[in-house]
Amino acid sequence: MKRGLIVLFLVIFSFYQMVFADQPVEVTHWQFQAVHTDGTSSFDDNGPWQVILEGILLNNPEQWLDPTPDPTVSPWFMGGEWEIVIQGEGDDHAGTFCWMGQNYGNGPGSDSYSNEEWLAEICRLNRDPNTAYIFRAGDRVRVTGTYLFYGGKLNVNENHQTDSMFDFKLELIKPSVGLPQPEEITLADLKHADDTEIFDPARLTGGEYYQSRRVRINRVSIVDPENWAPNTTITVTDGQGRTFPVVLALGEGIARYECPTGTIDVIGIMDQKAPGYPADLTKGYRLLVLDYDGNGLVLGESGSVRGNLPGDINHDFVVNLVDLAELAEHWMISRARLCDCF
Ligand SMILES: [Ca+2]
Ligand SMILES: [Ca+2]
């Protein structure tokens, strides 16, 4: 009788573990991004299997990484990639990157996705599962998934596994809430006077405070305009000895417009990619600029395009052969799994 009760208890306990112990846990970005004094994750010391995070979507993923599938087998080559940043709201002063890659097998992970499998994955992730709405920067969203620490940040990702149990899920809470106002800072908020990085494990100052959030760095100039191009890194300076790397992402305006000159402000997403192996997690802050609208004063997007002329592809307020040439150059290109999804 007693033995039967023990067996019954064990069966119930196992069932409980299977059903409840691995339930995703809702956390704030601030809780999720907690670090030790050396910059390693403290949340990850004893974190749950999956987390749920909510906030504002800061980017359209194709402006940052190219989702075009490419299954080439080569060390560390990821093929298609997809990454979004979600910023916490109100008191939740932090944010989180959520990453997907095609060729986990080229790094420390499981097998890679075939092109078809990869396209199906990002087809799913680009759309709200309840409404089929295509996510865009400025939406309030909820992500549920597993996570890994990399280069100074705890990222939601699939743990480099193609097994569907590692899928992460993105859901719409409210569309078009709008991007958060960028916090206005100067390079003195990120660098000491000797140009070394400010690292504060309490995350109340420096790069750690702004990591994965939208900021506006005021009054800087570009040191190396010759490096201006999509998918490159340029350097800005405050003219007082401080410098900072700015990653120009894939936004079409970066290819279309000239590098801005003179004193400008820069709007982007603060990132950390710690250098070295093993990585120095107190370093490697950088600003990601997703796109540029050619306004000349602010490196970034104003979010409002003037002209209202259909066919004015380069937004110079006239429709002419320059627009046609740009159209012809990119004729019949499609963006993987934003069109032809189902
Ligand atoms: Ca960090
Ligand atoms: Ca034009």
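Miscellaneous remarks
- Taking amide H as placed 1.01 Å from N in the peptide plane, Ile173 has its amide H under 5 Å from the amide H of Arg140, Val141, Arg142, each at least 5 places away in sequence or on another chain.
- Three-way shape label, region 23-174, alpha-carbon gyration tensor, a/c 1.5: oblate
- Share antiparallel - DSSP beta bridges, the chain, percent rounded to 5: 80 percent
- In sequence order, calculated HN-Hα J values of region 258-275 (Karplus, 6.51, -1.76, 1.60; Hz; x Gly/Pro): 5, 4, x, 10, x, 7, 9, 9, 10, 10, x, 10, 6, 10, 10, 10, 5, x
- Lysines with Cα under 18 Å of Lys191, excluding same-chain neighbours fewer than 8 positions away: Lys273, Lys283
- Solvent-accessible area per residue, Å², over the chain with all protein chains present [probe radius 1.4 Å]: 51 Å²
- Neighbour-limited loop hits for chymotrypsin sites (Phe, Trp or Tyr not before Pro), region 143-252 (at most 13 other Cβ within 10 Å; DSSP other than H, G, I, E, B): none
- Computed over the alpha-carbon pairs of the chain, the distance histogram in 10 Å steps reads 5, 22, 32, 25, 11, 3, 2, 1, 0 percent, short to long.
- Simple point charges give the picture: +1 on the Cβ of Lys and Arg, -1 on the Cβ of Asp and Glu, and for the chain a dipole about the Cα centre of about 920 debye.
- Hydrophobic long helices, here whole DSSP H runs in the chain with Kyte-Doolittle means of at least -1.0 and Cα atoms spread over 18 Å or more along the helix axis, are found at 2-16.
- Magnitude of the charge dipole for region 183-299, about its Cα centre and with charges confined to Cβ atoms of Lys, Arg (+1) and Asp, Glu (-1), is about 180 debye.
- The chain, relative contact order [Cα under 8 Å, separation at least 6], %: 14 percent
- Loop-located GluC sites (Glu not before Pro) in region 201-275 whose Cβ has at most 10 other Cβ within 10 Å (DSSP): Glu258
- Values of log10 I(q)/I(0), in the order q = 0.21 Å⁻¹, for region 183-299 under a Debye, Cα-only, solvent-free model: -1.18
- Computed extension length for Leu148-Ser302: 52.1 nm, one decimal, from 0.36 nm per residue of separation with the Cα-Cα distance subtracted.
- Trypsin sites (Lys or Arg not before Pro) lying in DSSP loop within region 108-187, provided at most 14 other Cβ fall within 10 Å: Arg136
- Spin-label model, Glu117 to Lys174: label points 7 Å out along the Cα-to-beta-carbon direction sit 3.9 nm apart.
The values are calculated or read from the model by the stated rules, or taken from the named source; none is laboratory data. Since we're looking at a predicted model, the values are computed, not measured. Positions of Cβ are generated from backbone atoms using ideal geometry, with glycine treated the same way; all protein chains shown enter the neighbour counts. Remember, those area values only see protein heavy atoms, side chains included, never the ligands or the DNA or RNA. Shrake-Rupley method; radii C 1.70, N 1.55, O 1.52, S 1.80 Å.
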